[in-house]
Structures are given as C-alpha cells and as structure tokens.
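Colleague: Before I ask anything, here is the structure I am working with.
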Amino acid sequence: MKRAKKLIIMLAVLALLAGGYFLCTKMFADDGSGEDTAADETYTAADLDPNDLTNITIRTRRTSKTDDGEEKTEITGISFHLNDSSDRWIWDENETVPLDNSKFSSLASAFIGRTSDYRLDVAKDKLADYGLAEPAGEVVFGFSDGKSETYRVGSKNTFNGMYYFSSADVPTSVYMVDPSVFEAINITINDMILFDTLPTLTASSLSSLEFTRNGDKYVYTRFPSGDPDYYSDAYTWSLSVNGGERFPVSSAFSEEMENALTYMYLMKCVSYDKSEQERFGLDDPVRMRVGYSGTDTSSESSAEITVGKNFDLYFGAKDPDENYYVRTGDSVLVYTLYYSSFFGRLFDAKLTEIRPAEICSADTDDISSAVFTAGGKTVRVNITHGADTDVFTDLAGKELSEEKLEKFKAVLDALAETEAKSDTSLTEKKEDAEENEIFRAEFTFVNGKRTSGTLVVTRWAGNYCRAAFLDRDSQLITLSDAEKLAELVMMLAK
C-alpha cells in the first residue's frame, strides 16, 4: 500500500515537471546547434490603445493570515478617471488627493503592444488551473466612446517566474507575460500619489526662517558676511523677536539649524485625507516659512537667474518616535519629518540657548579703541585702520611695541573664549551681597548701529561673576575666568 502511495506521488510530481517542461519548450526551441533559442512565433497578448482612455479600474486579490493563523482573501479595488480638461487623473474616492500622471503612463505602457512567446487554448472549466478563474489582478480600461478592455493576471509559473494572462474578450486564450505586467496593477493608492518634495537647500542658499509660537513671532535672518547692524561679523545668523532689534545667534545653534534645514526630508506619508488634519495636530499648526535663493529659468533668455524664494512647512503633533507630522503649503498630504528633534528645540528654545555663549567677540577689525580697567589699572589702545595695515597706539599716541600688541590681543582673545556658564535667574544671590567690579572694557566700534559698548564684570555669588554687555546683563561667568581677564589687563598695564 505504501509503495502504491509513493508511486502516485511520484507520478504527480513527474506530471508537474512535464507540464513545466512543456511550457518552457514552447517558449524556447533547439535551433540544431544544441542551444536553445527563443521561439520564432510571438503572439499579441494585449494591444491597448491609450488614445481616448478616460477610466481605469484595478482589482487585486490578496491573501493574508489572521491572528489565528488562518488564511483570508481580500479583494481590493481602486478606480480613476480623467478630469474634464483631460490633463489630470483623479481618484474616484477622493478627488483632492494629488495623483502622479507619469504613474498612469507607466501603467498603460505595460499593456500597449504586449506580446508573448506562448499561447495556450484552455477550456473555461480549466482556467482555475492557471489562476484565471479568480485572478490575482484585473484591470479595466475605459474609453470615451463607452467601450472598455479588461485584462486579467493569473498565477505565477514557478519554473520561469512569468504570469498567466488573458483578456476578457477571449478568456480561453492564455498567454505568459513577464512580471512587470502584474507589478503594474499590483498597487495601492499610495503608489499613484504625487508626493510633495522639499526644495534642495544648502547652507549658503538659506536666507531666512520665521515662525510664530505661543503668540511670539521669531524671524531668523542669515547674513553671509555678518549682520551689518551688529558690531561684529562673527555671527552668520541674527534673530528678531516680535519685531525687536536683531541680536546674534550662536554659531553652534546656527550650524544645527542649517544642518536641519538642509538635511530634513519628508519620510512616510501617513494621511491623504483632508478631514484627518486634526488627528495629526495640523488643524492649528505652527507655520515655518523658509527663505532661500534658487534659480529661475522662466525668463525669455532661458538663462538661469538667481531669485529669492520661500516655502511653508506646517508642524502638527508628534508620532510615537517623536517625529513631527507636517504638511507643505496647501497640500492635504501628511508626512513625518526627518530631523524633527531639532525643530522641537527650535520652537521651545529659550533666548539664552540661542544667543552666543561667549560674552564678547570683538576683535581688532571691529573696534577703533578699547579701554581696559582691572585691579586699579587702566589701559587705552587706539586703532587706526588703514588700507594695508592697522596702527595701534596708546593714550599718548605712541605706537605699541610688539610685546604690548601681543598682550592687547591676548585680552581680546580671552574675552572671545570666555563663555557664560549660567544665568542670573538660575543662580540665587544674597540681597546684601555687593557686586564689586573686577573687569571693565569700553569699546568704540567701527561697524553697526552701536558706536560704543561697555562690558562690566562684577562679583555675583559663590564662584560666579556677572557679565553685562550691550543688551545682555544676565550672563554668569566663573570667578576664575574673571580673574584671568583682570590679570591680563594688569600685565598689559606694566
């Protein structure tokens, strides 16, 4: 009995192999040289005429497993039609979803002049053997004259990876076509959407960034050569809050912002339904407008012209991975955004996190005079800026020696390297504590709206000293840093 069962199984396997061999030999033939060549005869499996195409309906059959491990089959369908101007495809279910016309061209191309090296006449009751009684995929092309053409894709041939194929007009003529035909219709609506893209930005192309948060309007402006209204050109970005005077943004924060803007991109599209905006926090979003320079080729000369451009990005809630949900302009599509972590910091950052950490960044190019006071000593240095060289003189008009000049520059360098370690609001000071002055620097500036500014460093509390300069009086530096500045001044005064 066991031998009989084994024999039946072996015969069944041989039959399958013979069938596969038959299919392969129909597609290839021996030309007498001992090598297989493609069969001479080809058949027209589909001959779609894309002219006057107005409607497309696609149905696919997908099998999946339930939580119980059982298989379930689901038939899904999507339908499209051309708009009245015949220049844009529309999804029947939601006409607001933008579709990519090129995807429809690719879909139609899979059926235009489709040929096959194999054709088999099959009885209707045998179509199930080829997966064509309940096809894996079916597409209906509708035309303006009311006619239609329907094509079906059946099961996959495991020997050559090709699919069985037929038309509804002659269902019993079965062809074999390459996988691209099945791939063309094995789609969801996501495969047909025209996704938004963000402009390609570089740090040098950025010009501005603005947003309103909690009623406050923030406007960041990029100055490649430094803000002309500020005394120093050490900072590329400046910030104005609620229309107030611009102040510099720290180089570290500016670099992070440039990286975020140039490397951000739209990741996953999570919604294409306008009614879901509230679900993603986009019913009341934060609008961020980015200004940048781009090229314009619309002029009659066809030459590339650099022009100012901008784009809007709307921020909503965050997903479980802390990525923002965003949309672009008036788009209905919702995405998650790469580099979201920085934008969270940008929107919620305190001004103390945005401003430069260094208490003063003046260098010899920025000033025409400096008066340093520390330890009862006062030193004045005047700078005359010439076309080729600068002349440094003391209070009496005598040019500084090389040694004195190096000591003067050492004070400026130390100022630029001294960073605030805290803020007065974070460090409590006893009410009766006196703020004894440790260091003072009075500058006359060459550039910017401010012609002068004074930096005063005084004792605060514990090991902290307060540094007040221009519109900032809440920075705290360490006592050791303050004493170093005072020591450098006394060395200069010798």
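The values are calculated or read from the model by the stated rules, or taken from the named source; none is laboratory data. Predicted model only: the values in this text are computed from it and were never measured. Please note: Cβ atoms are built from the backbone with ideal geometry, for glycine as well, and neighbour counts cover all protein chains shown. Areas reflect the complete protein model, heavy atoms only, side chains present, ligands, DNA and RNA absent. Shrake-Rupley method; radii C 1.70, N 1.55, O 1.52, S 1.80 Å.
Colleague: When region 220-266 is examined, which residues are found to be closer than 24 Å to Leu412 by Cα, exposed (fewer than 14 other Cβ atoms within 10 Å of the Cβ) and small (Gly, Ala, Ser)?
Modeller: Within region 220-266, Ser225, Ala252 qualify.
Colleague: Here is a follow-up. Looking at region 168-185, which of its residues are assigned to a strand (DSSP E or B) and open to solvent by 20 Å² or more (accessible area, probe 1.4 Å)?
Modeller: The answer is Tyr175, and nothing else.
Colleague: Using the structure shown, decide if Ala349 is open to solvent by less than 70 Å² (accessible area, probe 1.4 Å), closer than 25 Å to Cys465 by Cα and out of contact with any strand residue (DSSP E or B) (no Cβ under 9 Å at 6 or more places or on another chain).
Modeller: The answer is yes for Ala349.
Colleague: Checking Ile383 against (1) farther than 30 Å from Pro199 by Cβ; (2) open to solvent by 60 Å² or more (accessible area, probe 1.4 Å), which single condition isn't satisfied?
Modeller: Answer for Ile383: the failing condition is (2).
Colleague: Sort through Leu107, Leu127 and tell me the only one that's in a helix (DSSP H, G or I), touching a residue at least 12 places away in the same chain (Cβ under 8 Å) and either within 18 Å of Ala184 (Cα to Cα) or open to solvent by 80 Å² or more (accessible area, probe 1.4 Å) (or both).
Modeller: Matching residue, one of Leu107, Leu127: Leu107.
Colleague: Of all residues in region 386-417, which are in a strand (DSSP E or B) and either open to solvent by less than 50 Å² (accessible area, probe 1.4 Å) or under 21 Å from Ile438 (Cβ atoms) (or both)?
Modeller: Asp390, Phe392, Thr393
Colleague: Give region 191-237 a look and list any residue that's under 19 Å from the mean Cα position of the chain (by Cα), closer than 30 Å to Arg59 by Cα and not aliphatic (A, V, I, L, M), or say none.
Modeller: Passing the criteria: Phe195, Asp196, Thr197.
Colleague: Another one. Inspect region 269-279 for any residue being at negative phi, surrounded by 19 or more Cβ atoms within 10 Å (Cβ to Cβ) and not in a loop (DSSP other than H, G, I, E, B) and give the result as yes or no.
Modeller: Taking region 269-279 first, the residues at negative phi are 269-279.
Checking the rest, the ones that are also surrounded by 19 or more Cβ atoms within 10 Å (Cβ to Cβ) come to 272, 277.
Now restrict to residues that are not in a loop (DSSP other than H, G, I, E, B): none.
No, the conditions are met nowhere in region 269-279.
Colleague: Out of Asn55, Asn51, report the one residue that is within 49 Å of the chain's Cα centre (by Cα), modelled with pLDDT of 90 or more and within 30 Å of Asp145 (Cα to Cα).
Modeller: So the residue among Asn55, Asn51 that is within 49 Å of the chain's Cα centre (by Cα), modelled with pLDDT of 90 or more and within 30 Å of Asp145 (Cα to Cα) is Asn55.
Colleague: List, please: which pairs have Cβ atoms under 6 Å, are six or more places apart or on different chains, and start with a residue in region 209-224 that is free of Cβ contacts under 8 Å to residues at least 40 places away in the same chain and end with one that is among the acidic types (Asp, Glu) and part of a strand (DSSP E or B)?
Modeller: Val219/Glu210
Colleague: Does region 130-160 hold any residues that are β-branched (Val, Ile, Thr) and either open to solvent by 50 Å² or more (accessible area, probe 1.4 Å) or within 40 Å of the chain's Cα centre (by Cα) (or both), and which are they? I'd like the intermediate steps shown before the answer.
Modeller: Pass one, region 130-160, residues β-branched (Val, Ile, Thr): 139-140, 150, 153, 158.
Those that are β-branched (Val, Ile, Thr) and either open to solvent by 50 Å² or more (accessible area, probe 1.4 Å) or within 40 Å of the chain's Cα centre (by Cα) (or both): Val139, Val140, Val153, Thr158.
Colleague: Here's something else I'd like to know. Just give me the residues in region 451-471 being within 19 Å of Ile367 (Cα to Cα) and open to solvent by less than 40 Å² (accessible area, probe 1.4 Å), in sequence order. Walk me through it before giving the result.
Modeller: Narrowing region 451-471 to residues within 19 Å of Ile367 (Cα to Cα): 451-456, 468-471.
Within region 451-471, Gly453, Leu455, Val456, Ala468, Phe469 qualify.
Colleague: (1) under 24 Å from Ser155 (Cα atoms); (2) within 48 Å of the chain's Cα centre (by Cα); (3) modelled with pLDDT under 90: which one isn't true of Ala15, the others all being true?
Modeller: (2)
Colleague: Got at least one residue in region 118-139 being of a type in the set (Gly, Ala, Ser), out of contact with any helix residue (DSSP H, G or I) (no Cβ under 9 Å at 6 or more places or on another chain), modelled with pLDDT of 95 or more and under 20 Å from Leu82 (Cβ atoms)?
Modeller: The first filter runs over region 118-139 and keeps only residues of a type in the set (Gly, Ala, Ser), leaving 123, 128, 131, 133, 136-137.
Retained after the next criterion (residues that are out of contact with any helix residue (DSSP H, G or I) (no Cβ under 9 Å at 6 or more places or on another chain)): 123, 128, 131.
Narrowing further to those that are modelled with pLDDT of 95 or more: 123, 128, 131.
After this cut, where a residue has to be under 20 Å from Leu82 (Cβ atoms) as well, the list is none.
No, every residue in region 118-139 fails to be of a type in the set (Gly, Ala, Ser), out of contact with any helix residue (DSSP H, G or I) (no Cβ under 9 Å at 6 or more places or on another chain), modelled with pLDDT of 95 or more and under 20 Å from Leu82 (Cβ atoms).
Colleague: May I pose another question? Quickly run through region 311-354 and pick out the residues that are part of a loop (DSSP other than H, G, I, E, B) and either under 15 Å from the mean Cα position of the chain (by Cα) or modelled with pLDDT of 95 or more (or both).
Modeller: Listed by number, the residues that qualify are Asp319, Pro320, Asp321, Glu322, Asn323, Gly329, Leu333, Tyr338, Tyr339.
Colleague: Out of the residues in region 71-97 meeting the condition of being within 32 Å of the chain's Cα centre (by Cα) and of a type in the set (Asp, Glu), tell me which one is surrounded by the fewest Cβ atoms within 10 Å (Cβ to Cβ).
Modeller: For region 71-97, the residue satisfying everything is Asp87.
Colleague: Scan Ser275, Ser250, Ser271 and give me the residue that is free of Cβ contacts under 8 Å to residues at least 40 places away in the same chain and not charged (D, E, K, R).
Modeller: Ser275
Colleague: Scan region 110-124 for residues that are assigned to a loop (DSSP other than H, G, I, E, B) and either open to solvent by less than 30 Å² (accessible area, probe 1.4 Å) or in contact with a strand residue (DSSP E or B) (Cβ under 8 Å, 6 or more places away or on another chain) (or both) and report the count.
Modeller: The qualifying residues number 7.
Colleague: Got a sec? Which of Asp321, Asp365, Asp312 is open to solvent by 70 Å² or more (accessible area, probe 1.4 Å) and without any contact (Cβ under 8 Å) to a residue 60 or more places away in the chain? If you could, list the steps in order and put the result at the bottom.
Modeller: Numbers: Asp365 fails: without any contact (Cβ under 8 Å) to a residue 60 or more places away in the chain; Asp312 fails: open to solvent by 70 Å² or more (accessible area, probe 1.4 Å).
None of the other options fit; the residue is Asp321.
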